[in-house]
Amino acid sequence: MKINPCYSLVWICLAVSTVYAQNQPAAVSEPSETVVTVVESPEAELAQQRQADIDDLIERIWKTKISLSASDAPLDEVMLQITKQLGCELWIDDYSLEAQGLVRDIPISIDVKNLAAGSVLKLVLRPIEITYVVQPNRLVVMTMDTADESQNFMSRFYPVNQWLGDGKRKLNLDKVRELVLMIEADTWEELGGPGSCEIYEDGLLISQPAMLHDRIRHVFSAMIKAQALPNDSYSVASISTHPLGEQADMLRRKIERQLISAQWVDVPLSDVALFLEKQLDIEVVIDQRELEEYGLDATKLVHGTWNQVTLATVLDDVLQGLELGWQISGDYLNITSMDAIEADLDVRVYPVRDLVPSVLLISGVDKLATYSGNGFCGVGGPNMPSVPKELMLRTPKEQLCEQIVWHVAADTWDVLGGPGNVMPCEASDSLIISQTKHGHQQIEALLQQLRQTKGIAAEEVYRQQASEVILMTYSIPSAGDKPRFSSMDVGLLAQRLTRDFAPDAWGEGRSIQALSDRIIIRQRRDIQRAIYQYLVEIGYFKSDRTETHAVAAGTTSADH
């Protein structure tokens with residue numbers, strides 16, 4: 001048969017490319033690969049050492065405990081005390097500070113004991129709106145604008161498929177990338193920030209400052225932890241991605257469980273904070289800067305009587321009257337404004353294997369359905385196109401995400417204009433959720449209720465949607481005024497589809513018709529999804545606008 005040259009690339013795909021072939025072609029001898037022994041260059045070794053030194057300092061920032069007391073002390077002296085206890089050098093970028101009208105002797109007042117160096121740095125620098133960058137064995141203090149400049153960024157490769165893949169199927173890296181963009185969302189170029197995240201090979205290449213790379217690593221570590229949870233001892237507690245997350249969770253549980261009695265008559269808020277410090281044996285910090293925004297300070301008087309109630313109840317009662325709130329910030333309790341709390345999102349990983357099964361484990365669904373899974377971490381290659389609406393198949397985890405969005409603080413989610421976000425991950429049997437402290441509390445409560453009542457029918461809904469027989473019509477793509485494929489090409493394609501995609505599922509009203517101008521396929525939705533993905537991969541649609549029409553069996557056709 002003579003093949004028009006303009007069809008040759010697609011025809012080669014049709015003739016030899018098989019996704020689900022039952023009879024694999026005979027092995028073909030491959031040319032021997034050239035073995036390349038890599039000898040690291042001095043520059044590469046230096047870069048590796050630089051990265052190791054930065055990672056080591058970041059680890060010390062979160063593990064080193066610091067006590068610091070200063071009253072209107074110059075910033076440079078306070079920072080020297082911190083870096084001395086950290087065991088690293090200090091550099092203050094005076095040019096950066098001067099550009100913002102600041103100087104290195106800004107007065108700093110702070111009094112904390114036994115906090116992580118990372119917490120102390122936050123308490124010192126955030127109120128004066130400056131930050132720090134981690135370099136090999138030194139901290140560089142600068143303005144936030146300077147920190148966003150490219151010279152302060154690092155590029156790192158994250159082998160995501162190696163971490164979360166099962167060795168058989170590749171993750172949908174587009175969806176993994178969406179997850180990463182949830183972390184400090186305003187720092188990414190998609191929202192006008194300087195950071196970038198691109199797909200490369202089987203992972204992600206990310207450019208961000210060192211401290212944000214640390215946050216990203218903690219998110220992936222939490223996902224890996226959720227994936228490894230054993231079925232016979234499955235912990236459903238959400239997993240924090242904060243470097244001090246475990247300590248913060250312990251403090252939060254203590255505050256929500258410890259009972260106290262108190263009676264205060266015109267007691268300053270600062271004295272209440274001291275009382276709580278003694279009760280909890282932790283630091284309680286009053287965010288003076290945020291209070292000043294509301295015309296308040298630590299001398300604001302508090303009154304009330306409580307008898308055997310939790311510390312959380314006392315905090316809520318006292319602070320709500322002042323239009324303030326509280327949150328656990330790593331290893332200390334922070335009293336601040338509600339606006340500050342709502343802007344401080346925490347990313348947590350929720351194991352949900354017991355609530356909603358992976359699509360790979362649902363009986364009665366053709367496993368081809370998972371080939372083009374559109375949920376986060378669904379299998380398939382990177383840069384997958386969007387699936388036509390008729391083929392959309394919401395996984396049980398996606399259905400659970402919808403329930404959370406509609407039943408937990410609905411106006412706080414990104415789909416309704418809020419800052420929160422939720423994404424499912426099939427690979428780790430989890431949900432990744434970015435929300436406020438109060439939002440996470442409501443999510444925990446909702447999931448607990450669902451576990452007690454077994455009130456999720458998502459698996460059955462998914463099974464029904466997957467097995468529903470629908471009709472899909474694909475017009476033959478054209479090149480100019482001529483069809484890109486001949487009638488014989490289309491006929492051979494139809495034969496290949498029935499042979500390679502669930503060959504036992506054809507017949508009894510499920511069929512493929514190859515016409516002169518279109519292919520008509522009547523088949524289960526899960527199999528239709530796999531067929532569609534295959535057509536995309538072999539270049540059937542090319543870049544032309546392709547008409548598709550779809551309809552559930554027995555209903556009226558509708559244009560897509």
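Please treat every number below as a calculation from the coordinates, not as lab data. Model, not experiment: these values are computed from the prediction. Neighbour counts run over all protein chains shown; Cβ positions are idealised from the backbone, glycine included.
The figures follow:
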read-out	value
Cα shape, the range 48-151, gyration tensor, a/c 1.5 rule	oblate
Taking N as its residue count, the alpha carbon Rg of the range 246-332 over 2.2 N^0.38 Å	1.05
Cβ crowding within 10 Å averaged over residues, with 319-328, 432-441 ranked highest first	432-441, 319-328
Over the range 48-151, relative contact order from alpha-carbon pairs under 8 Å, at least 6 apart, %	36
Percent RCO, i.e. relative contact order, over the range 246-332, from Cα pairs under 8 Å lying at least 6 residues apart	46
Sorted by Cβ density within 10 Å, fewest first, the residues Asp517, Asp331, Asp500	Asp517, Asp500, Asp331
Subset of Lys254/Lys300; Lys175/Lys397; Lys168/Lys225; Lys170/Lys225 violating a 22 Å alpha-carbon distance limit	Lys254/Lys300
Relative contact order of the range 158-209, defined on C-alpha pairs under 8 angstrom at six or more residues apart (%)	38
Exposure proxy order (Cβ contacts within 10 Å, fewest to most) of Ile335, Ile128	Ile128, Ile335
Spatially proximal aspartates and glutamates relative to Lys437 (Cα-Cα < 12 Å; intrachain offsets below 8 disregarded)	Asp249, Glu342, Asp344, Asp346
